[in-house]
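Q: Quick one: this structure, given as structure tokens, is what I'll be asking you about.
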Amino acid sequence: MFGRRRKRNEEPEGAVEPTAEDAPDEAEVRRVKLEPAPRPDGPWDITEVGSPGEGRVDLGGLFVPGVKGMELRVEVAGDAIVASTIVLQDSALQLQAFAAPKREGIWGEVREEIASGITQQGGTIDEVEGPLGWELRARVPVQLPDGKQGVQAVRFIGVDGNRWFLRGVISGQGAVQPQAAGLLEQIFRDTVVVRGDTPMAPRDPIVLKLPEDAKMVPDGIKQQPAEQEGASGSRFAGGLDKLRRGPEITEVR
């Protein structure tokens, strides 16, 4: 069963002012600073997988499952590769991993930041308990190619791991019709994160690398439509405003 929470700024009919006795506990409302939940179905830490490179593309900080016919794009911030995007037909999944505290998950707090940034832009947010746990389903204002204003559907998913946090952004048909995103959700679950032992501040991005044997097609710094989704003030609110597209693998067999 999936749960659904009320949209931001949506008031129920007949709402009354809550009393002190009715007020929910702060920890229940925010669900932050909790220990990472178990991950029996992934995503995985490098220590939990015997052969991470089997059936996956080695991006250094991530091992991403390879699916026949997919495009795998890497995206850069400055000189560092910090995200990868899997494109399958008319849907896409962007993956980005960050350092996190050892005994404290950050996905609850990150969801609040994403929601706040998008609503400030005039977008809307639904917080839903979906196949991968709590996620945000957003409708984000974007500028269309003809200059008019439009709205784009985006799903933000996330999982807290062993000193890391993996965020996914699903766009395209997989966001418009979430039931069509099953394969992208499975790729997210089967991704392996390599945090490493280097000291990192919480929320620092885990840097990726290009695959050694990949067939690359350079794409310069062409901006993708998703880059326009960045929300003010948070690297997690799309996290795309400071990224640009780099080389891509045209097909993974």
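Q: Scan the stretch 162-186 and report the pairs whose first residue is under 23 Å from residue 99 (Cβ atoms) and whose second residue is surrounded by fewer than 21 Cβ atoms within 10 Å (Cβ to Cβ) and among the acidic types (Asp, Glu), with Cβ atoms within less than 6 Å and a gap of 6+ or a chain change.
A: As it stands, the answer is 162/45, since those pairs meet every condition given.
Q: So residue 108 ticks every box in (1) open to solvent by less than 40 Å² (accessible area, probe 1.4 Å); (2) part of a strand (DSSP E or B) but one. Which box is left unticked?
A: Against the list (1) open to solvent by less than 40 Å² (accessible area, probe 1.4 Å); (2) part of a strand (DSSP E or B), residue 108 comes up short only on (2).
Q: Kindly evaluate residue 181 against the criterion of being open to solvent by less than 60 Å² (accessible area, probe 1.4 Å) and more than 28 Å from residue 80 (Cα to Cα).
A: It is true that residue 181 is open to solvent by less than 60 Å² (accessible area, probe 1.4 Å) and more than 28 Å from residue 80 (Cα to Cα).
Q: Restricting to the stretch 78-103, what's the tally of residues that are in a strand (DSSP E or B) and surrounded by 17 or more Cβ atoms within 10 Å (Cβ to Cβ)?
A: Final tally of qualifying residues: 17.
Q: Does residue 169 satisfy the condition of being under 21 Å from residue 82 (Cβ atoms), at pLDDT 95 or above, crowded, with 21+ Cβ neighbours inside 10 Å and of a type outside the set (Lys, Arg)?
A: Yes: the conditions hold for residue 169.
Q: Moving on. In the stretch 154-176, is there at least one residue being in a strand (DSSP E or B) and more than 15 Å from the chain's Cα centre (by Cα)?
A: no
Q: Let me ask something else. Is it fair to say residue 36 is at pLDDT 90 or above, assigned to a loop (DSSP other than H, G, I, E, B) and within 24 Å of residue 162 (Cβ to Cβ)?
A: No, not satisfied.
Q: Quick check, is residue 159 aliphatic (A, V, I, L, M) and open to solvent by 60 Å² or more (accessible area, probe 1.4 Å)?
A: no
Q: Consider residue 200 against the criteria (1) open to solvent by 10 Å² or more (accessible area, probe 1.4 Å); (2) outside any strand (DSSP E or B); (3) of a type in the set (A, V, I, L, M, F, W, C); (4) in contact with a Leu (Cβ under 7 Å, 6 or more places away or on another chain): it satisfies all of them except one. Which criterion is unmet?
A: Every condition holds for residue 200 apart from (4).
Q: So in the stretch 184-197, with the set limited to residues that are closer than 14 Å to residue 60 by Cα and open to solvent by 20 Å² or more (accessible area, probe 1.4 Å), which one is farthest from the chain's Cα centre (by Cα)?
A: 197
The values are calculated or read from the model by the stated rules, or taken from the named source; none is laboratory data. Every value quoted in this text rests on a predicted model; they were computed, and no experiment measured them. Note that we place each Cβ from the backbone using ideal geometry, even for glycine, and neighbour counts take in every protein chain shown. Heads up: the accessible areas ignore ligands, DNA and RNA and are worked out on the full protein's heavy atoms, side chains in. Shrake-Rupley method; radii C 1.70, N 1.55, O 1.52, S 1.80 Å.
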